[in-house]
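Undergrad: Please see the structure below; I have some questions.
Here, each number is a calculation from the coordinates, and none is a lab measurement. Just so we're clear, the structure is a prediction, and the values are computed from it rather than from any experiment. Note: ideal-geometry Cβ built from the backbone for every residue, glycine included; neighbour counts use all protein chains shown.
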Amino acid sequence: MSTLKIIDLIKIDVYSREHPPPHFHAIYAKFEVLIQIKILTPYAGNLPKAQRNKLIEWAKTKQEYLMENFQRLNPRL
């Protein structure tokens, strides 16, 4: 696991030995959501709306960084 960033208590992680599609985990309090990197949409879990919006705005500027880290940790995918 690699924590890439913490934004206002939202922890952004990318794990090794993952599954497609390329995604990252965002954890906030008791919430967790998986966000697809290419299209920045959730596909599992949930996050409060304010935190989700803040997360997506950050991720829009970091898609390449997120994808590079996902591929580095999951070279077989």
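Undergrad: Would you tally the residues in the range 63-77 being surrounded by 15 or more Cβ atoms within 10 Å (Cβ to Cβ) and free of Cβ contacts under 8 Å to residues at least 40 places away in the same chain?
TA: Looking only at that region, the number is 0.
Undergrad: Restricted to the range 1-25, and to residues that are of a type in the set (Asp, Glu) and part of a loop (DSSP other than H, G, I, E, B), which residue is nearest to residue 74 (Cα to Cα)?
TA: In this case the residue turns out to be 18.
Undergrad: Condition check: crowded, with 16+ Cβ neighbours inside 10 Å and among the polar types (S, T, N, Q). Does residue 46 satisfy that?
TA: no
Undergrad: Shifting gears a bit: Residues in the range 26-49: is at least one more than 18 Å from residue 68 (Cβ to Cβ), over 9 Å from the mean Cα position of the chain (by Cα), in contact (Cβ under 8 Å) with a residue 40 or more places away in the chain and assigned to a helix (DSSP H, G or I)?
TA: No - not one qualifying residue is present in the range 26-49.
Undergrad: From (1) in contact (Cβ under 8 Å) with a residue 40 or more places away in the chain; (2) over 19 Å from residue 71 (Cα atoms); (3) surrounded by 14 or more Cβ atoms within 10 Å (Cβ to Cβ), pick out the condition that doesn't hold for residue 8.
TA: Unmet for residue 8, out of (1) in contact (Cβ under 8 Å) with a residue 40 or more places away in the chain; (2) over 19 Å from residue 71 (Cα atoms); (3) surrounded by 14 or more Cβ atoms within 10 Å (Cβ to Cβ): (3).
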